[in-house]
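**Student:** Take a look at this one; I'll ask things after.
The values are calculated or read from the model by the stated rules, or taken from the named source; none is laboratory data. From a predicted model like this one, the values you see are computed outputs, not experimental measurements. Neighbour counts run over all protein chains shown; Cβ positions are idealised from the backbone, glycine included. Keep in mind that these areas ignore ligands, DNA and RNA; they rest on the heavy atoms of the full protein, side chains included. Shrake-Rupley method; radii C 1.70, N 1.55, O 1.52, S 1.80 Å.
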Amino acid sequence: MQKVFVSACLVGNKVRYNGSSLSLDKSDKGWLELNVELTVFCPEVSAGLPIPRAPAEIIGGYGHDVLSHNASVLGDDGVDVTDAFLTGARQALSLCQQHGIKYAILAEGSPSCGSQQIYGGTFSGKKIPGAGVTAHLLMTNGIKVYSQHTVAQLIREVKNEP
């Protein structure tokens with residue numbers, strides 16, 4: 001059975017910065033639960049960040065810039081959490097590699113998990129095109145990343161596998 005890495009917040013775990021969760025579309029989640037093995041993980045919590053925690057954004061770039069040490073991840077309280085974001089991303093990649101996972105569903109908008117959009121680094125609520133730290137690391141290592149909004153594309157791809 002195909003294994004799929006999924007952000008813990010997307011399956012109802014209250015691990016987001018404010019202690020909340022997000023959700024997948026009910027029919028998408030049902031199909032996934034019946035047809036793939038979900039590997040549930042939160043990069044930020046795995047790296048030791050607490051729940052709740054200050055909202056964080058990438059300052060001065062995107063996920064790839066954080067990975068190359070050219071940008072930082074800061075909480076809106078001014079605390080630098082870059083190291084935790086890097087640790088969580090590396091742990092996520094390691095888990096995927098250990099288990100032969102080639103697909104991930106990550107929470108859009110997150111400075112860790114956003115794959116198409118992240119918050120813009122101004123704490124104004126504005127999103128910009130780009131990928132977060134974990135999403136970028138997974139994608140550059142051959143893992144196809146989807147968001148909670150594009151699960152239908154993943155389902156089509158899994159159904160069409162030989």
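**Student:** Carbon and sulfur together cover what percent of the accessible area of the chain at a 1.4 Å probe radius? Present the calculation step by step, with values, prior to reporting the outcome.
**Tutor:** Working: 3850 of 7700 Å².
That fraction is 50 percent.
**Student:** Can you tally the net charge around Thr150? Count Lys and Arg as +1, Asp and Glu as -1, for every other residue whose Cβ sits under 11 Å from the Cβ of Thr150. Present the calculation step by step, with values, prior to reporting the outcome.
**Tutor:** On the way: positive: Lys144, Arg156; negative: Asp25, Asp28, Glu108, Glu157.
Net of charged neighbours comes to -2.
**Student:** With r defined as the distance between the Cβ atoms of Ser20 and Asn160 and R0 fixed at 22 Å, what FRET efficiency is calculated, to the nearest 0.05?
**Tutor:** With a Förster radius of 22 Å, E is 0.05.
**Student:** Next question. If you project the alpha carbons of the chain onto the principal axes, what extent comes out on each, in Å, largest first?
**Tutor:** 47, 29, 27
**Student:** Using alpha-carbon pairs under 8 Å, 6+ residues apart, how would you state the relative contact order of the stretch 13-63 in percent? Working shown, then result.
**Tutor:** Working: 26 pairs, mean separation 26.9, N = 51.
Value for the stretch 13-63: 53 percent.
**Student:** Output the peptides 34-41, 135-142 sorted from most to least packed, where packing is the average of other Cβ atoms within 10 Å over each peptide's residues.
**Tutor:** Values: 34-41: 15.0, 135-142: 20.0.
For the peptides 34-41, 135-142, the packing ranking is 135-142, 34-41.
**Student:** Given 10 Å bins starting at zero, what is the percent of C-alpha pairs of the stretch 81-162 in each, up to the one with the largest pair distance?
**Tutor:** Spelled out per bin, shortest first, that is 19, 47, 27, 6, 0.
**Student:** While we're on this one: Rounded to the nearest 0.05, what FRET efficiency is calculated for Glu33 and Asn141 with R0 set to 25 Å and r the Cβ-Cβ distance?
**Tutor:** On the way: r = 26 Å, r/R0 = 1.04.
For Glu33 and Asn141, the calculated efficiency is 0.45.
**Student:** In deg cm²/dmol and to the nearest 500, what is the mean residue ellipticity at 222 nm of the chain if only DSSP H runs of at least 4 residues count, each as -39500 (n - 2.57), divided by the residue total? Before the final figure, lay out the partial values.
**Tutor:** On the way: 6 runs with 53 residues, N = 162.
Result for the chain, helices only: -9000 deg cm²/dmol.
**Student:** Please enumerate, by chain and number, the lysines with C-alpha under 24 Å from the C-alpha of Lys14, excluding those fewer than 8 residues away in the same chain.
**Tutor:** Correct list for Lys14: Lys3, Lys26, Lys29, Lys126, Lys127.
**Student:** For His149 and Asp76, FRET efficiency with R0 = 30 Å and r from the beta-carbon atoms, rounded to 0.05? Don't skip to the answer; put the middle values down first.
**Tutor:** Working: r = 25 Å, r/R0 = 0.83.
Result of the calculation: an efficiency of 0.75.
**Student:** I would also like to ask the following. Within the set of other residues whose C-beta is less than 12 Å from the C-beta of Ile59, count the net charge using Lys and Arg as +1 and Asp and Glu as -1.
**Tutor:** Working: positive: none; negative: Glu57, Asp65, Asp76, Asp80.
Net charge around Ile59: -4.
**Student:** On to the next question. Let me have the relative contact order for the stretch 32-162, percent, based on Cα pairs under 8 Å that are six or more residues apart.
**Tutor:** Values: 241 pairs, mean separation 31.5, N = 131.
Here the relative contact order equals 24 percent.
**Student:** Next question. Kindly state, as a whole number, the per residue volume in cubic angstrom of the convex hull around the alpha carbon atoms of the stretch 41-106.
**Tutor:** Working: hull volume 6.0 nm³, N = 66.
About 91 Å³ per residue, rounded to a whole number.
**Student:** Normalised by the residues of the stretch 29-99, what does the relative contact order come to in percent, with Cα pairs under 8 Å and at least six apart?
**Tutor:** Working: 70 pairs, mean separation 22.0, N = 71.
Relative contact order, the stretch 29-99: 31 percent.
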